[in-house]
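Data first, discussion second: the structure below is written as structure tokens.
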Amino acid sequence: MDKRKIILDCDPGHDDAVAIMMAARHPKLELLGITTVNGNQTLEKTTRNALNVCQYLGIDVPVCKGMDRPMVRPALPVEERVHGESGLDGPVFPPLTKQLDPRHAVDFIIETVLASDTNVTLVPTGPLSNIGMAIRKEPKILEKIDEIVLMGGAYQHGNVTPAAEFNIIDDAEAAYVVFTCGRPVVMMGLDLTRQALCYPSVVERMSKNDNPAGKLFTDLMKFFCMTQKKTFGWEGGPLHDPTCVAYLIDPTCIETKEMYTEIDITGGPSHGRTNCDFFNLMTDKPRNSKVCVKLDVEKFWNIVEECIKLYN
Ligand code: BDR
Ligand code: CA
């Protein structure tokens, strides 16, 4: 069976780090590289975090630093309440020796997609600045993009404003480019990721895996559960970004619905909202997205554990 070629574009971030762990070793996936973007933390910190995760887990793929800000507007403030001062508080990493790839993330995405003998799937789990820029800089990549499987948006309620989710509102113009690019978009919005709740019982289960991935998951999620409780009063926090990788490994773990989605870039109170025509009745525009609606929670955690066990 051919492996599905993917590029993970991320802003680690606790849930991004778990997504990296899952994407790197699974036999159904070939991780061509990791690109980083400003988001959960500054670009310097998200890049360092990606390098640390790769070094710790022995993941030998290029890591390329990308956009340090959104395409048009200033970045939102970083979210230290959830991800801590480093953007990845919790685990203690050994001194960093893994080198950054010198290519800019936008150029890496363009070169890698164009050079690939088969189509590539882009997996963005942070603001869409790198992907939007790559599409604008070299539109020829579009014909070689299989799908864009992203974490972002919500057809119900946001998490930064009542209307908008962080990855979309942080660079809404880039999201607009992505959703209008003509390639299939799979949207893991908050409606879906709020079903992937990482309760202490999940941490306990994964901690029984005595390998580097089990330890990393446990150290990350203990911190994450603590900040979710402190900040929002929740017992279990949503593990957003890994849902993208779980879907690539086994699409039957997530139910999707095709619909037209439009990004609000008007700058008003709903700026950054993913306006999803859920009932496909309000617009006659072609359906440009598969929006994820239901997670098979048991299957999802089984996939996460299957990925952890690959580090035995
Ligand atoms: C998204 O924002 C970040 O905090 C997470 O890593 C996730 O990608 C959720 O809104
Ligand atoms: Ca993220």
For this session: Hey, can you tell me all the residues within the stretch 243-294 that are in a loop (DSSP other than H, G, I, E, B), open to solvent by less than 50 Å² (accessible area, probe 1.4 Å) and under 29 Å from D2 (Cβ atoms)?
Result: D250, N288
Problem set entry | M1 vs. criteria buried (at least 24 other Cβ atoms within 10 Å of the Cβ), over 11 Å from the mean Cα position of the chain (by Cα) and more than 12 Å from ligand 1 (Cβ to nearest atom) | no
Exercise. If you go through the stretch 181-202 one residue at a time, do you hit one that is within 15 Å of ligand 1 (Cβ to nearest atom), modelled with pLDDT of 95 or more and more than 20 Å from K299 (Cα to Cα)?
Worked result: no
Exercise. Can you tell which of T193, T218 is among the hydroxyl-bearing types (S, T, Y), touching a residue at least 12 places away in the same chain (Cβ under 8 Å) and under 22 Å from V37 (Cα atoms)?
Worked result: T193
Exercise. Before we move on, is G153 at positive phi and within 15 Å of ligand 2 (Cβ to nearest atom)?
Worked result: yes
Exercise. With respect to I34, is the statement that it is away from ligand 2 (no atom under 13 Å from the Cβ), outside any helix (DSSP H, G or I), crowded, with 24+ Cβ neighbours inside 10 Å and in contact (Cβ under 8 Å) with a residue 24 or more places away in the chain true?
Worked result: no
Problem set entry | Any hit, the stretch 64-84, residues being over 20 Å from I7 (Cα atoms), buried (at least 17 other Cβ atoms within 10 Å of the Cβ) and without any contact (Cβ under 8 Å) to a residue 60 or more places away in the chain | yes
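The values are calculated or read from the model by the stated rules, or taken from the named source; none is laboratory data. The structure presented is a predicted model; accordingly, all values stated were derived computationally and were not measured. Don't worry about glycine lacking a Cβ; one is built from the backbone with ideal geometry, like all the others, and counts go over all protein chains shown. Remember, those area values only see protein heavy atoms, side chains included, never the ligands or the DNA or RNA. Shrake-Rupley method; radii C 1.70, N 1.55, O 1.52, S 1.80 Å.
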